[in-house]
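Asker: One structure, pasted below without further comment.
The values are calculated or read from the model by the stated rules, or taken from the named source; none is laboratory data. Note that the structure is a prediction, hence the values are computed from the model and not measured. Methodologically, a virtual Cβ is constructed for each residue, glycine included, from the backbone with ideal geometry; neighbour enumeration extends over all protein chains shown. Heads up: the accessible areas ignore ligands, DNA and RNA and are worked out on the full protein's heavy atoms, side chains in. Shrake-Rupley method; radii C 1.70, N 1.55, O 1.52, S 1.80 Å.
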Number of protein chains: 2
Amino acid sequence: MSERPDVATFCGGAQVRCDLCMVRDTAICSVLSASELARLTRIARSVHATPGHTLFHEGDPAEDVFTVVEGVVQLYKLLEDGRRQIVGFLVAGDFIGLAFGNHYVYSAEAVTATRLCAFRRAPFIVLLGEYPHLEQNLLARASTELAASHEHMLVLGRKSAKERVATFLLRFAERRGVPPGERLDLPMGRLEIADYLGLTIETVSRTFTVLRREGLIRLEGRSSVRILDPSRLAAIAGL
Amino acid sequence: MSERPDVATFCGGAQVRCDLCMVRDTAICSVLSASELARLTRIARSVHATPGHTLFHEGDPAEDVFTVVEGVVQLYKLLEDGRRQIVGFLVAGDFIGLAFGNHYVYSAEAVTATRLCAFRRAPFIVLLGEYPHLEQNLLARASTELAASHEHMLVLGRKSAKERVATFLLRFAERRGVPPGERLDLPMGRLEIADYLGLTIETVSRTFTVLRREGLIRLEGRSSVRILDPSRLAAIAGL
DNA sequence: CGAGAGGTTGAGCAATCTCAACGGGGGTGG
DNA sequence: CCACCCCCGTTGAGATTGCTCAACCTCTCG
């Protein structure tokens, strides 16, 4: 599940591009020089994970930080009795490790087949201090994540089941860049959606059914949706 | 409510110390030189707010970032129909403005009489780019806040009313540095606690009563508590 | 000392959860 | 290639937690 990469593999290769380096407008490596990239590469390795594979557990010593290259990863926290709160779904371009002290503060698990870049944490932090652009990029990411966390608190603390599911569908479609009417793949199961929204499987399922009956969405297979009426859905979501 | 300060007033004066400069081990100015401090001072002003005073609303253009010098500030988000989620209570030493784009993403309101340092945002961001220590400090703060947000998601998404109130009491006591058995002042009302915990006033009140009857806490006046049995309370909180 | 805001308590209700049964689609093995 | 199985999702009925509405109480402050 772990292998030695070379620079090209994850920092600019034609097929496979580590998003820490070259993905989107939040690119990190785009602000780094070749020699800086090379240093980054020396502390990196490529990681593959299959669905359900745990990258690390809450409380483990934080040895690595990660970048998601491909696939979907979920971050979650558990209570003693097994209740779970998923605090976020990460997709290509997202960074894991912003919020760490010396131990992971949540667990991370692959939802789909996933490819990541792992960087050893200690030297990564050193690099951070030397490359201000890198640090600025991470601060910007942290700000964005913080704002997303706040919005999710509103969802969890104050929205009804229907509002939660509507919010989830719109936000997830947005994040995946799927325009209304297009098929939106939901790589996670109902249990994951429930644990993300602070609901039960059954309530999520029932709510999907309600939205379908009202003509707001169409369910295609068990893991795809089409948003038919984005504006009415947004009105329900409170967005 | 706003006045011109000088450096001494909020960046090292004997009586009044802006925590952006000198509070705790998360101090910012402790890593800045005298000339850097002087530049910071030029874009700063001192702000006083009385209880209930709104510093800014969600959606307003983000013209300033703040540091809380004294008092308690609450950050919250609203839904159209008035439902409110308080996303955090800030105390002396906390920074407001980490998560901003060009508009505030939440509203901020003084809970108690409050003194803050306000920095004009645009030049502050310029300084950020020039003083890596400042940026590192903010990144560390952002990480801490992010972890706190995640924990609060677990509270809002998965904990019962009793667990929520227990968690709140322990965390708030911890943050204020009040040891078990000591009188803990709750500067916010039941409505604010409810809107922070995703509950109603009545449920918060009933839950306080339950905890009191079980001998876990003592209520003193309407706005003070004493934690009598921290370990049992922690067990309930799931900490 | 009086008034009013804020807090507490009670009764009934509604949303969501729990427990349980059923269904169907995809994967696998024959 | 087909059939079976099993996981996952859906649906239903009843239980429960927390909410709503309403009355009452008690600090606190003027």
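Asker: Could you check, for segment B:95-102, whether at least one of its residues is under 9 Å from the mean Cα position of the chain (by Cα) and within 27 Å of B:Thr41 (Cα to Cα)?
Answerer: yes
Asker: In segment B:100-135, what residues are in contact (Cβ under 8 Å) with a residue 40 or more places away in the chain and either closer than 16 Å to A:Arg141 by Cα or of a type in the set (Val, Ile, Thr) (or both)?
Answerer: B:Asn102, B:Val105, B:Val111, B:Thr112, B:Thr114
Asker: Another one. Sort out which residues of segment B:188-201 are open to solvent by 20 Å² or more (accessible area, probe 1.4 Å) and more than 8 Å from DNA strand D (Cβ to nearest atom), and write them in order of number.
Answerer: B:Gly189, B:Arg190, B:Leu191, B:Glu192, B:Tyr196
Asker: Out of the residues in segment B:76-87 meeting the condition of being facing another protein chain (nearest Cβ under 8 Å) and assigned to a strand (DSSP E or B), tell me which one is surrounded by the most Cβ atoms within 10 Å (Cβ to Cβ).
Answerer: B:Val87
Asker: Here is a further query. Considering only residues that are among the hydrophobic types (A, V, I, L, M, F, W, C), more than 24 Å from B:Phe100 (Cβ to Cβ) and open to solvent by 30 Å² or more (accessible area, probe 1.4 Å), look in segment A:117-146 and name the one that is farthest from the other protein chains (Cβ to nearest Cβ).
Answerer: Once the filter is applied, the top-ranked residue is A:Ala122.
Asker: Let me ask you something else. Would you pick out the residues in segment A:202-226 that are under 23 Å from A:Arg158 (Cβ atoms) and either more than 13 Å from DNA strand D (Cβ to nearest atom) or under 21 Å from the mean Cα position of the chain (by Cα) (or both)?
Answerer: Residues satisfying the conditions are A:Val204, A:Leu216.
Asker: Next question, about the same structure. Test each condition in (1) touching a residue at least 12 places away in the same chain (Cβ under 8 Å); (2) touching a Ser or Thr at 6+ places or on another chain (Cβ under 6 Å); (3) open to solvent by less than 30 Å² (accessible area, probe 1.4 Å) for A:Asp185 and report the one that comes out false.
Answerer: It fails just one condition, (3).
Asker: For a quick check of your reading of the model, give me the residue pairs whose first member lies in segment B:149-163 and is more than 7 Å from every other protein chain (Cβ to nearest Cβ), whose second is among the hydroxyl-bearing types (Ser, Thr, Tyr) and open to solvent by 30 Å² or more (accessible area, probe 1.4 Å), with beta-carbon atoms closer than 9 Å and at least 6 apart or on different chains.
Answerer: B:Ala161/B:Thr203
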